[in-house]
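Since the structure comes first, as structure tokens, the remarks are kept for the end.
The values are calculated or read from the model by the stated rules, or taken from the named source; none is laboratory data. What you are looking at is a predicted structure, and each value in this text was computed from that prediction instead of being measured. Neighbour counts run over all protein chains shown; Cβ positions are idealised from the backbone, glycine included.
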Amino acid sequence: MKLAVDLHSHSGYAGGVGQIELTAVSRTMKLKGIDVFGTGDCIFPPRTEELKEELIEVNEGLFALPKDDSKFLLQTEVIFSTKLAHKRNKTIAHHIILFPDFESIYKMQLLMNKWGMKNTIGRPFITSDTQKELEDQLFEISNIHPLMEIIPAHVMTPDGIFGSKNDLDELSEFYGKFQPKIKAIETGLSADPQMLDKIPDLSNLTFISNSDCHSAALNRIGREFTILDVKQINYKNIIYAIRLNKVIMTAEFNPAEGRYFLTGHRADRKGHSHEMIFADELPQQLICPVCNKKMNLGVQERSIQLQDNSIIPISRKFMHLIPLIEVIAASQNLKSITSKRVREIFDIIMNIFPSEIALWQSDSIQVMLDKRVDQKTINQILAVKKGDFKFQPPGFDGTYGKLVIGDR
Ligand SMILES: [Zn+2]
Ligand SMILES: [Zn+2]
């Protein structure tokens, strides 16, 4: 059975976004066609209590609001920070952790207390002084319950495990003996399976894709997602599907849209009057010729550094996607996705297709939308479905790439 999951999000507690109601999340999930959604921030005590109060367990390990069929899975992101003996700087890597029940969350909170970690923000830090100490922490978390899952998040961004800041060549430098427990990675917005499947330590792992969203908006929830093949809809089957690579497909950002795709500096940086972007030839030591500061190596170059071209990748189905609401806005030359006209067209399409994912998977978009939606919008939806879009300029230095659909 196909199950569309988006297993990495954040709540209002992750900073700067205000409260996000689960009812609003559920509404968007239905429009998008996301069956199971990661709650975000589930180990932060006020959030834990909020989730416990609002949600009821409906399928073993999956939760829902009363009289609602959108399903939630208990999930947090944590930042592991450690000092590796052979690295000058600290190594910092974001991870998603999935929990089978509230009991396991409470055990995780006890571990945080025992280690003296501040659990005062949505996305907490777990620090250690040595690789061995980190390894022990990972085992202790994993031993809370056999169905706990720890997944490196957005692996190629600067704060992902293989990000340019960490400059690791192999996963074992970080995980040590824990490495065999890592069964899956999250591709993140800045990378897609094609960029990662020739990286030796990743080539045999499961790739999942999640939105990492901090909002219930239509262009945030499910902007990346994964379709898993499960026997039954419950937590255990989702974990098995992740561990055994039962991924039917992932939907990905075009990596060029991601905020760290190319190496460069934004125009609004100190000492800059214009932007600098480097697509192929990089300056010596990555020193920016304008401000003389070091730039972060873009995800594209970083992934090429790590690739081994002798690897024959296993086949992975994925598509590049732009949220429908953004495609509609672009087709109407409107900047805002909240404009009335954009929402009207979106609602017409949602009356024709059961969800956005159903639209993207349909082979009869033209027939179904013909004469009910502006032909220009249909053309742009078809162009996106074919992958006929690009980002010019691509994302760099924390800014998203600029969308161009077809040959406009
Ligand atoms: Zn993160
Ligand atoms: Zn600069």
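Return yes when G160 is assigned to a loop (DSSP other than H, G, I, E, B), at positive phi and in the same structural domain as L7 (by TED's automatic domain parsing) and no when it is not. Taking the combined requirement at face value, the residue does not satisfy it.
Among residues of the range 299-331 being crowded, with 16+ Cβ neighbours inside 10 Å and either of a type in the set (D, E, K, R) or without any contact (Cβ under 8 Å) to a residue 60 or more places away in the chain (or both), the one that is nearest to ligand 1 (Cβ to nearest atom) is R302. Are any of the residues in the range 266-273 of a type in the set (A, V, I, L, M, F, W, C) and within 16 Å of ligand 2 (Cβ to nearest atom)? Yes, the range 266-273 has at least one match. Residues in the range 282-314 that are under 17 Å from G188 (Cα atoms), away from ligand 2 (no atom under 16 Å from the Cβ) and of a type in the set (G, A, S): S303 only.
Check N296, N245, N237, N210 and return the single one that is within 16 Å of ligand 1 (Cβ to nearest atom) and modelled with pLDDT of 95 or more. Sole residue among the options that is within 16 Å of ligand 1 (Cβ to nearest atom) and modelled with pLDDT of 95 or more: N210. For the range 248-261, a residue qualifies if it is of a type outside the set (G, A, S) and at pLDDT below 95, and the qualifying residues are F253, N254, P255, E257, R259, Y260, F261. Restricting G122, G116, G176 to those that are within 30 Å of D397 (Cα to Cα) and assigned by TED's automatic domain parsing to the domain that holds R47 reduces the list to G122.
Taking the range 138-170 on its own, how many of its residues are of a type outside the set (V, I, T) and free of Cβ contacts under 8 Å to residues at least 60 places away in the same chain? Here the count works out to 10. In the condition set (1) under 18 Å from the mean Cα position of the chain (by Cα); (2) surrounded by fewer than 16 Cβ atoms within 10 Å (Cβ to Cβ); (3) closer than 22 Å to K390 by Cβ, A267 is compliant with all but (1). If you go through the range 1-53 and keep only what is buried (at least 22 other Cβ atoms within 10 Å of the Cβ), in contact with a strand residue (DSSP E or B) (Cβ under 8 Å, 6 or more places away or on another chain) and of a type in the set (G, A, S), you end up with A4, S9, G38, G40.
Taking the criterion of being in contact with a Pro (Cβ under 9 Å, 6 or more places away or on another chain) and among the polar types (S, T, N, Q), the residues of the range 58-114 that qualify are T76, Q109. Residues that are among the β-branched types (V, I, T), within 16 Å of ligand 1 (Cβ to nearest atom), surrounded by fewer than 22 Cβ atoms within 10 Å (Cβ to Cβ) and assigned by TED's automatic domain parsing to the domain that holds P158 do not occur anywhere in the range 58-72.
Could you check the range 236-334 for strands (runs of 3 or more DSSP E) lying wholly inside it with 3 or more residues that are out of contact with any helix residue (DSSP H, G or I) (no Cβ under 7 Å at 6 or more places or on another chain) and either among the aliphatic types (A, V, I, L, M) or farther than 30 Å from L74 by Cα (or both)?
Qualifying strands (runs of 3 or more DSSP E): 247-252, 276-278.
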